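**Q** Once you've had a glance at the structure underneath, I'll fire off some questions.
The values are calculated or read from the model by the stated rules, or taken from the named source; none is laboratory data. Here the structure is a predicted model, which is why all the values come from computation and not from measurement. When we count neighbours, we look across all protein chains shown, and the Cβ atoms used for this are built from the backbone with ideal geometry, even at glycine. For accessibility, only protein heavy atoms count, side chains too; no ligands or nucleic acids. Shrake-Rupley method; radii C 1.70, N 1.55, O 1.52, S 1.80 Å.
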Amino acid sequence: MSHSVVFSVKSTPELKTIWPHLQYILNLYSRPFIESFEETPMLVAVLTYMGYGILTIFGYFRDYLRHWKIEKCYIATEKEEQKDFVPLYQDFENFYTRNLYMRIRDNWNRPICSVPGAKMDLLERESHDYNWTFKYTGRVVQDVINLGSYNYLGFAENTGPCADSVAEVTMKYGVGVASTRQETGNLDRHEEMEKVVARFLGVESAMAFGMGFATNSMNIPALAGKGCLILSDELNHASLVLGARLSGSTIRVFKHNNMQSLEKLLSEAIVHGQPRTHRPWKKILIVVEGIYSMEGSIVRLPEVIALKKRYQAYLYLDEAHSIGALGPRGRGVVDYFGLDTSDVDVMMGTFTKSFGAAGGYIAGKRLIEYLRCNSHSAVYATSMSPPVVEQIITSMKCIMGEDGTTIGRDRVRQLADNTVYFRKRLREMGFITYGNNDSPVVPMMLYMPAKIGAFGREMLKRNIGVVVVGFPATPIIESRARFCISAAHTKDMLDRALSVISEVGDLLQLKYSRHRKLPSLLRHLDNDVYEDIDD
């Protein structure tokens with residue numbers, strides 16, 4: 001078996017020691033696995049910390065002025081009669097909101113007045129009080145290139161076979177079901193959708209839920225409980241974190257995509273068992289994501305499965321961002337690595353991204369009937385809306401080619417081509433990007449707090465809509481813009497966007513790259529392990 005993963009490091013005694021282990025890792029992969037996480041330049045890190053320091057000083061000064069009624073403040077506060085109760089707002093949260101977030105709040109919650117496809121229309125708004133309040137101007141900013149929506153395969157559209165099917169089903173079934181699946185809300189279209197999902201994933205059975213967030217937060221507690229151990233990647237989504245905490249299980253966090261960290265926790269769990277009693281864990285559940293939406297990285301699934309088998313653990317895989325967006329058939333990270341779906345115990349995903357719909361699913365073998373009776377999301381939640389169900393069925397059949405066309409397959413291929421092209425051009429321009437070469441989530445590093453708002457505004461001035469992210473959603477010195485590539489983007493759109501990004505990058509001095517990337521296969525050998533968290 002040949003491997004085209006190539007990296008260059010100096011020959012050292014340490015390398016000779018780990019070389020047999022690297023060869024073992026290579027044998028797990030049937031395709032190149034290339035990720036880059038260029039180190040933050042020291043000067044940029046220092047200036048970023050200084051920027052936050054200056055913002056903090058001026059923030060306290062403004063709070064002093066507000067205290068003496070010199071500067072107005074519209075921040076939400078408790079009423080006087082509520083002062084003796086637990087505070088609704090923490091001091092630092094309020095401080096950060098008042099003095100940083102509010103100044104750049106115009107970059108978020110922008111009202112869209114069209115389909116959020118490859119291009120979109122935005123309602124223009126303005127503020128005369130530093131973003132405390134907004135006023136609509138009545139003008140519509142048209143044909144903004146959309147680099148922020150999770151519309152990976154371009155199914156967020158109001159024309160075509162999906163829209164036609166949805167319109168037909170809406171006329172027949174209406175919009176709402178007004179009941180749960182266990183009562184009178186189980187439509188024949190729900191049954192059909194779950195069969196299509198199971199067939200698409202290549203698993204025994206599947207179950208759908210009306211909300212993607214609740215799919216994780218309400219189903220993990222049904223799968224694990226007291227006496228169980230959950231090993232969670234440090235960058236897992238908030239829904240996974242909440243589900244783990246609600247389960248009452250013991251939670252231990254391993255460093256992001258670090259297999260040495262994961263294996264250490266697994267071996268310790270087997271050797272020591274539960275705290276105090278040292279009884280064996282009832283269940284060990286490894287929880288990971290397919291694509292990490294802030295890092296653009298892809299889970300090292302072949303290595304995770306190898307460890308799961310070695311230590312007899314269970315694997316919960318969240319494919320919210322990877323289903324439809326990865327693999328030659330668009331069937332997610334399992335398809336991407338050419339693995340067997342039977343090696344993943346619980347396959348979770350959402351319909352909100354690649355399928356242009358809403359809700360989520362749990363798929364696997366021998367657990368679906370159990371969840372139908374024990375999952376709070378299944379028992380108490382109202383059934384999915386019929387138009388949403390039809391959007392899922394039609395788009396999924398399109399990807400599988402069951403509609404008699406190659407539209408779905410072509411979109412999967414187009415997304416892969418767009419992703420590789422966009423990432424390559426950004427690197428060539430000198431920007432620092434994170435993640436895997438095949439990930440349609442493309443984080444581009446901004447670092448300094450003042451550049452978060454400036455980048456979003458300058459891009460919108462040039463008719464490009466982007467998402468910018470800063471602390472606390474990211475580490476304090478790793479603010480970034482996050483681009484989401486779509487199959488609906490044409491090459492002309494991407495070239496136009498890249499030209500504008502380069503222009504704004506020069507204006508704001510964002511081209512930090514020195515092309516010093518960490519070899520992706522060596523990152524998992526980092527000895528740093530995060531502390532355990534027992535809930």
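**Q** Assuming Glu458 fulfils every condition listed in (1) within 29 Å of Arg413 (Cα to Cα); (2) in contact (Cβ under 8 Å) with a residue 40 or more places away in the chain apart from one, which condition is it?
**A** Among (1) within 29 Å of Arg413 (Cα to Cα); (2) in contact (Cβ under 8 Å) with a residue 40 or more places away in the chain, Glu458 violates only (1).
**Q** Here's a follow-up. For region 414-470, which fully contained strands (runs of 3 or more DSSP E) count at least 1 residues that are over 30 Å from Asn131 (Cα atoms)?
**A** On the way: elements: 434-436, 441-447, 467-469.
Of the strands (runs of 3 or more DSSP E) lying wholly inside region 414-470, those with at least 1 residues that are over 30 Å from Asn131 (Cα atoms) span 434-436.
**Q** Something else about it: Which of the residues that make up region 64-94 are part of a helix (DSSP H, G or I), surrounded by 10 or more Cβ atoms within 10 Å (Cβ to Cβ) and modelled with pLDDT under 80?
**A** Arg66, His67, Gln82, Glu93, Asn94, listed by residue number.
**Q** Which is among the basic types (Lys, Arg), within 28 Å of the chain's Cα centre (by Cα) and under 19 Å from Lys308 (Cα atoms), of Lys282, Lys264? So that I can check it myself, show each step before the final result.
**A** On the way: Lys282 fails: within 28 Å of the chain's Cα centre (by Cα).
Exactly one of Lys282, Lys264 is among the basic types (Lys, Arg), within 28 Å of the chain's Cα centre (by Cα) and under 19 Å from Lys308 (Cα atoms), namely Lys264.
**Q** When region 136-150 is examined, which residues are found to be open to solvent by 40 Å² or more (accessible area, probe 1.4 Å) and touching a strand residue (DSSP E or B) at 6+ places or on another chain (Cβ under 6 Å)?
**A** If the condition is that a residue be open to solvent by 40 Å² or more (accessible area, probe 1.4 Å) and touching a strand residue (DSSP E or B) at 6+ places or on another chain (Cβ under 6 Å), then Tyr136, Thr137, Arg139, Val140, Gln142, Asp143, Tyr150 are the ones that fit.
**Q** For region 414-443, give me each residue that is more than 18 Å from Tyr152 (Cβ to Cβ), out of contact with any Lys or Arg (no Cβ under 8 Å at 6 or more places or on another chain) and open to solvent by 30 Å² or more (accessible area, probe 1.4 Å).
**A** Matches in region 414-443: Lys424, Arg425, Arg427, Glu428.
**Q** Given (1) modelled with pLDDT of 95 or more; (2) outside any strand (DSSP E or B); (3) under 30 Å from Tyr380 (Cα atoms); (4) open to solvent by less than 30 Å² (accessible area, probe 1.4 Å), where does Leu229 come up short, assuming only one miss?
**A** Failing condition for Leu229: (2).
**Q** Right, Thr474: in contact with a Lys or Arg (Cβ under 7 Å, 6 or more places away or on another chain) and surrounded by fewer than 21 Cβ atoms within 10 Å (Cβ to Cβ) or not?
**A** yes
**Q** Ok, one more. Residue check, Met294 against (1) under 30 Å from Val412 (Cα atoms); (2) modelled with pLDDT of 95 or more, all met but one. Which one?
**A** (2)
**Q** Would you confirm, using the coordinates I've provided, whether Ser375 is among the small types (Gly, Ala, Ser), open to solvent by less than 10 Å² (accessible area, probe 1.4 Å), under 23 Å from the mean Cα position of the chain (by Cα) and under 18 Å from Ser239 (Cβ atoms)? Steps first, please.
**A** Details: among the small types (Gly, Ala, Ser): yes; open to solvent by less than 10 Å² (accessible area, probe 1.4 Å): yes; under 23 Å from the mean Cα position of the chain (by Cα): no; under 18 Å from Ser239 (Cβ atoms): yes.
So Ser375 fails the test.
**Q** Among the residues in region 444-462, are any over 30 Å from Thr56 (Cβ atoms) and surrounded by 19 or more Cβ atoms within 10 Å (Cβ to Cβ)?
**A** No: region 444-462 contains no residue that is over 30 Å from Thr56 (Cβ atoms) and surrounded by 19 or more Cβ atoms within 10 Å (Cβ to Cβ).
**Q** Moving on. Does region 480-535 hold any residues that are of a type in the set (D, E, K, R), within 24 Å of the chain's Cα centre (by Cα), open to solvent by 10 Å² or more (accessible area, probe 1.4 Å) and at pLDDT 95 or above, and which are they?
**A** Arg482
**Q** Anything in region 163-202 that is within 18 Å of Glu402 (Cα to Cα), out of contact with any Asp or Glu (no Cβ under 7 Å at 6 or more places or on another chain) and open to solvent by 30 Å² or more (accessible area, probe 1.4 Å)? List them, or say none.
**A** Asp164, Glu191, Glu192, Lys195, Arg199, Gly202
**Q** Determine if region 151-159 includes at least one residue that is crowded, with 17+ Cβ neighbours inside 10 Å, small (Gly, Ala, Ser) and not assigned by the TED database to the domain that holds Thr350.
**A** Yes - at least one qualifying residue is present in region 151-159.
**Q** Among the residues in region 125-135, are any of a type in the set (S, T, N, Q), open to solvent by less than 30 Å² (accessible area, probe 1.4 Å) and not in a helix (DSSP H, G or I)?
**A** Yes, because at least one residue in region 125-135 is of a type in the set (S, T, N, Q), open to solvent by less than 30 Å² (accessible area, probe 1.4 Å) and not in a helix (DSSP H, G or I).
**Q** Quick one: in region 368-413, which of the residues that are touching a residue at least 24 places away in the same chain (Cβ under 8 Å), assigned to a loop (DSSP other than H, G, I, E, B) and of a type in the set (S, T, N, Q) is nearest to Thr341 (Cα to Cα)?
**A** Here the answer is Ser375.
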